[in-house]
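Below is one structure, written out as structure tokens; the observations come after it.
The values are calculated or read from the model by the stated rules, or taken from the named source; none is laboratory data. Because the structure is a prediction, the values reported are computed rather than measured. When we count neighbours, we look across all protein chains shown, and the Cβ atoms used for this are built from the backbone with ideal geometry, even at glycine. For the accessible areas, the whole protein counts, side chains as well, though only heavy atoms, and no ligand, DNA or RNA atoms are used. Shrake-Rupley method; radii C 1.70, N 1.55, O 1.52, S 1.80 Å.
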6 protein chains.
Amino acid sequence: QEPEERRTAVPGVATGLAVTGAGGDVLFVEASLADPETGGAGLQLTGQLGDVMKESAQIALSFLRSHGAELELPVTDLRERGVHLHVPAGAVPKDGPSAGVTMTTALASLLSGRKVRPDVAMTGEVSLTGRVLPIGGVKQKLLAADRAGITTVLIPSRNEPDLDDVPAEVLERLTVHPVADVRQVLELALEPAVSLTKDQPVRAA
Amino acid sequence: QEPEERRTAVPGVATGLAVTGAGGDVLFVEASLADPETGGAGLQLTGQLGDVMKESAQIALSFLRSHGAELELPVTDLRERGVHLHVPAGAVPKDGPSAGVTMTTALASLLSGRKVRPDVAMTGEVSLTGRVLPIGGVKQKLLAADRAGITTVLIPSRNEPDLDDVPAEVLERLTVHPVADVRQVLELALEPAVSLTKDQPVRAA
Amino acid sequence: QEPEERRTAVPGVATGLAVTGAGGDVLFVEASLADPETGGAGLQLTGQLGDVMKESAQIALSFLRSHGAELELPVTDLRERGVHLHVPAGAVPKDGPSAGVTMTTALASLLSGRKVRPDVAMTGEVSLTGRVLPIGGVKQKLLAADRAGITTVLIPSRNEPDLDDVPAEVLERLTVHPVADVRQVLELALEPAVSLTKDQPVRAA
Amino acid sequence: QEPEERRTAVPGVATGLAVTGAGGDVLFVEASLADPETGGAGLQLTGQLGDVMKESAQIALSFLRSHGAELELPVTDLRERGVHLHVPAGAVPKDGPSAGVTMTTALASLLSGRKVRPDVAMTGEVSLTGRVLPIGGVKQKLLAADRAGITTVLIPSRNEPDLDDVPAEVLERLTVHPVADVRQVLELALEPAVSLTKDQPVRAA
Amino acid sequence: QEPEERRTAVPGVATGLAVTGAGGDVLFVEASLADPETGGAGLQLTGQLGDVMKESAQIALSFLRSHGAELELPVTDLRERGVHLHVPAGAVPKDGPSAGVTMTTALASLLSGRKVRPDVAMTGEVSLTGRVLPIGGVKQKLLAADRAGITTVLIPSRNEPDLDDVPAEVLERLTVHPVADVRQVLELALEPAVSLTKDQPVRAA
Amino acid sequence: QEPEERRTAVPGVATGLAVTGAGGDVLFVEASLADPETGGAGLQLTGQLGDVMKESAQIALSFLRSHGAELELPVTDLRERGVHLHVPAGAVPKDGPSAGVTMTTALASLLSGRKVRPDVAMTGEVSLTGRVLPIGGVKQKLLAADRAGITTVLIPSRNEPDLDDVPAEVLERLTVHPVADVRQVLELALEPAVSLTKDQPVRAA
Ligand SMILES: [Ca+2]
Ligand SMILES: [Ca+2]
Ligand SMILES: [Ca+2]
Ligand SMILES: [Ca+2]
Ligand SMILES: [Ca+2]
Ligand SMILES: [Ca+2]
Ligand SMILES: [Ca+2]
Ligand SMILES: [Ca+2]
Ligand SMILES: [Ca+2]
Ligand SMILES: [Ca+2]
Ligand SMILES: [Ca+2]
Ligand SMILES: [Ca+2]
């Protein structure tokens, strides 16, 4: 198993795709919820995120605050447990709206206790209603996903025409799902809930 | 049905009109209310909004805080549910006072559970008493509304003279309502309340 | 009845006078109090106000917090109802201390439920004890008031000498009241309290 | 009676002395305490005060918070009543530490309900222990006090040597008290407490 | 015993490694928890820390807020006791993510009451899930550790290739542990818990 | 008795040493605790302190919040009484970490009600564990202390070598105590506690 896959070995980590100066790259969004006994509260954002990316995190959180109950997520956790979203590497500045789906997925994974599938990466702006809006750099992002051993990529429906620019052999290795709503992203990216047994307690932390 | 119309398929989304570097454009204001169980509170604004546009949002909220009960809106929701207003696209800076009516409408739609009519777009500054004040760019905004398949446009009464500059064939396709008070905007733009039945619960979220 | 007069058709709106790049102008200060059920609190200021004008609003509010009870205003409203002062137009930057009397009057009007007389405009800095201090631009402000159909203007006593510069025919049309204390402003500018009847409930909102 | 004297006709106003571009000048420090029913809290500072002058206000307040009870001031008022210090004129920037004694006196006057003597002006930095520290501009300040009809001036003891530069005829008209502690300032500047009778309630507001 | 070792003579101090203009250097991260009786709360950061290093501290704290209970740390202390992290020397600006493991260790040491081993120094970025990410300056840092009398150094696993650049004689004197998770760091760096006796109470403060 | 000595005539004032453009100088750190009835809370810093010096104050406070109980100080006072640290003169900018011991001493003096010895001055950075770290300007500081009539100076142990640069006749007049821990500073600098009698109540305020 590759190191990248191990990053998503716990609930709360989702694999995103970014465009950097040197082409595309895989990035990880990590979410944590403070133990309620620690008195943590509010939303903390780290990873040298720019203004637009910080707003994406607020949108992801508000989407779950208003629609999480419909999705059967334990949203009361958001009241008394501090939420922290971090995007390593800590010293690299990052910006843009395209991690919206990844942030929403990391948070939903943490709340549900369902891990994100290690073979899935995703990119897309999210609106407050859950709509997935188009982003840039589809070609570089798919090349990066392919290089990183990812086999399934979720992109905004409105970016489907950009697939024409992606080399056929890359597209062959990848399963690309165009999505219009972040609820589709959650269905495709989250692993099934683990059934609890006495011997294997599952904790979302 | 066009994609733009689908944006207003849920309560809390209203269609506005903006002037951009490349003429006019349709924009959407999205509102959400946090589930009270999540502990959300206060007003969150995203979409790279400038100072003037942020103030428009505060005015829209204060108008509903002080006049919402008259309009039979469930204003107690504003006490314990965090309000979030977002204007996609997330990375595009936006400013100016002319989204005041659109922000007020998105919030009133969300509170009332009444969807905004998909064929209606609107532009106008709102004052704290609900007065609709004149804005710029009427011609470009009406052209953009027409291009986007909008059939009804609400403009400030004091902008009526600007209709002279709009091509006759565009005006023929559009129904233009000059309005002097945001209460008129709400009457014209919101769909009738859905009557609740056991099988179709309606939730404002 | 002129549109300008209609601006003061509800309690909470007072007519001020400003000096702009193009002479003098009438401006309106609008005040609102949030419905206590909405959980609003604190002081919100909008209208692209500069530092000095924001301080004027804080002085107006503190004057009413400390002297409002003497004036028989229901000051307990200030505890649990968010106060918002707005000065349209939303996109025009404004600054200076001379709206102090207008801000105090708009707030007192709202608290008392007494409308501001539509034929009255006013200008003057207010100190924390209610003293009315002199301002600039008396000539341009009176010309603007006259153009706008205003018939009564309140100016600081210490600005009386500036009336020499105002054309005689303008002064003939205007009743000018020099005032030394904001309590005089309130007496001259607020309409008498409406007596409540079962059929005409009056709400300060 | 001169207008300047009337400024101190209510408790909470003290006469200070400043150096301006055009020599010295008299300034007034005004203090107010919010009616506890209005929910006001904290310390508000207005008058375009610079960093150093804002710190002087914090020092004045902390001195009374820690030593006010010794001075038999009703310091519990500071807990639930918002304190506001204002220095007119509102649009004129002011800075420097020399209004420390004046700010302390205005606040102590308000708390005690004892008016400040109208013939007294003062200048001096205050330390957190109440020590009065030396300031600049003694000559210009005394000339300004004399011009304004002030007859008693309080200066820091360590500024006594600066009196050599003040014209003899000015010193003849003025009673100058060098002071080393702000408690001396309060003794010299505050009028005796008014004895309360049923017909003349005194309110510190 | 060397002075550097004495720095870790109390729980709450961990030895890190930094790259400075003049090669590498040892630095100390100090943590304190306020006595709950003092009302301290929140996270305080001092030592002229840059943005990235402040975020490292927030990540360290969030890691312990969400995973501390698993590690059998008394995390309820984090609710009512103010946390302070300081990195002397106070006047020297510091930045970068590589003190993440050191900050986590200092905090865990303080919470557990277990001292950090004086012969151990460490470097590594920490992610929100506890993953140890690679850092720069391995060679300079190991030379500095060696000069300071340190005998055991913890580095990120992904930095193992950088050991090739470290002189063999330095590596001979040092035991280098590559680590992939901050939980390994805590196991290697913290001394065993002291058993409490009546005569030697141990306090984590 | 010299004026400088009188500065420390009340608990809460400690004598420090600074390097200025014109050599060394004596400075005073003043601490106050708000009367709990006044509702004061938090930490207030004045005296135009730079970033590093503000951090020193936070370190001093955190040291006492975490170690004050060991030192038998009434640390519960820190919960409900606002702490204010001021360094006159109010208009002179000050920075650097070397007032750390002086700030800690002023606060400990205030809490304990024990005055600081008037013949003692001190300089040294303090770490969060109470360690005294080296500072600059030993020579200028000792010359200034000597000029000011100080007879005992506390310096960091690691600054002992700098004593070589101090003129022998100055060292003869001064007793210099090198210290490694701020607890030594408190022992050397604080006067014994006054025994309370009915006639002479002692108040730390
Ligand atoms: Ca940006
Ligand atoms: Ca494929
Ligand atoms: Ca702007
Ligand atoms: Ca038409
Ligand atoms: Ca300004
Ligand atoms: Ca007239
Ligand atoms: Ca300044
Ligand atoms: Ca005299
Ligand atoms: Ca930075
Ligand atoms: Ca080795
Ligand atoms: Ca600095
Ligand atoms: Ca000696």
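General observations
- Test for C:D146: is it open to solvent by 20 Å² or more (accessible area, probe 1.4 Å), over 25 Å from D:V10 (Cα atoms) and at pLDDT below 95: no
- Among the residues of the range D:64-85, just one is within 7 Å of another protein chain (Cβ to nearest Cβ), charged (D, E, K, R) and either within 21 Å of C:V52 (Cβ to Cβ) or crowded, with 19+ Cβ neighbours inside 10 Å (or both), namely D:R65.
- Count of the range E:151-197 residues, restricted to those that are small (G, A, S) and over 17 Å from E:K139 (Cα atoms), is 4.
- Conditions (1) modelled with pLDDT under 95; (2) open to solvent by less than 30 Å² (accessible area, probe 1.4 Å); number of the one not met by E:E4: (2)
- Selection count, the range D:66-96, where residues are basic (K, R) and within 19 Å of F:G90 (Cα to Cα): 1
- Looking across A:T175, A:T104, one residue alone is polar (S, T, N, Q) and open to solvent by 50 Å² or more (accessible area, probe 1.4 Å). It is A:T175.
- Entry remark, the range D:25-39: residues being touching a strand residue (DSSP E or B) at 6+ places or on another chain (Cβ under 8 Å) and either at pLDDT below 95 or closer than 30 Å to F:G42 by Cβ (or both) number 8 in total.
- When A:A99, A:A14, A:A22, A:A60 are checked against the criterion of being among the hydrophobic types (A, V, I, L, M, F, W, C), open to solvent by 40 Å² or more (accessible area, probe 1.4 Å) and away from ligand 3 (no atom under 16 Å from the Cβ), A:A22 stands alone in meeting it.
- Qualifying residue in the range D:67-83 (condition: within 19 Å of C:Q58 (Cβ to Cβ) and under 17 Å from the mean Cα position of the chain (by Cα)): yes
- You will find that of B:V138, B:V179, the residue that is away from ligand 3 (no atom under 16 Å from the Cβ), modelled with pLDDT of 95 or more and farther than 24 Å from C:E30 by Cβ is B:V138 and no other.
For (1) more than 16 Å from ligand 7 (Cβ to nearest atom); (2) free of Cβ contacts under 8 Å to residues at least 24 places away in the same chain; (3) under 26 Å from F:S56 (Cα atoms); (4) part of a loop (DSSP other than H, G, I, E, B), each residue gets a yes or a no:
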{"residue": "F:A144", "(1), (2), (3), (4)": "yes, no, yes, no"}
{"residue": "F:P161", "(1), (2), (3), (4)": "yes, yes, yes, no"}
{"residue": "F:E172", "(1), (2), (3), (4)": "yes, yes, no, no"}
{"residue": "F:V176", "(1), (2), (3), (4)": "yes, no, yes, no"}
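- Residues being surrounded by fewer than 24 Cβ atoms within 10 Å (Cβ to Cβ) and within 13 Å of chain A (Cβ to nearest Cβ) - total across the range B:114-137: 1
- Where a residue in the range E:184-203 is closer than 18 Å to E:G16 by Cβ and its partner, wherever it lies, is open to solvent by 100 Å² or more (accessible area, probe 1.4 Å) and at pLDDT 95 or above, with Cβ under 7 Å and at least six apart: none
- So E:S56, is it farther than 19 Å from F:S66 by Cβ, touching a helix residue (DSSP H, G or I) at 6+ places or on another chain (Cβ under 6 Å), facing another protein chain (nearest Cβ under 7 Å) and touching a residue at least 60 places away in the same chain (Cβ under 8 Å): yes
- Any chance D:T151 is more than 16 Å from ligand 1 (Cβ to nearest atom), among the hydroxyl-bearing types (S, T, Y), open to solvent by 40 Å² or more (accessible area, probe 1.4 Å) and more than 26 Å from C:S62 (Cα to Cα): yes
- Checking the range D:128-143 against the condition returns a match, with at least one residue being hydrophobic (A, V, I, L, M, F, W, C) and over 29 Å from F:V13 (Cα atoms).
- When residues of the range B:27-53 are limited to those that are open to solvent by less than 10 Å² (accessible area, probe 1.4 Å) and more than 9 Å from chain A (Cβ to nearest Cβ), the one nearest to B:G90 (Cα to Cα): B:V29
- The residues in the range D:99-127 that are of a type in the set (A, V, I, L, M, F, W, C) and either without any contact (Cβ under 8 Å) to a residue 24 or more places away in the chain or within 18 Å of D:H67 (Cα to Cα) (or both) can be counted, and the count is 8.
- With respect to the conditions (1) in a strand (DSSP E or B); (2) within 15 Å of the chain's Cα centre (by Cα); (3) within 14 Å of chain E (Cβ to nearest Cβ), F:V153 lacks only one, and its number is (3).
- Verdict on E:L61 being more than 10 Å from chain A (Cβ to nearest Cβ) and at pLDDT 95 or above: no
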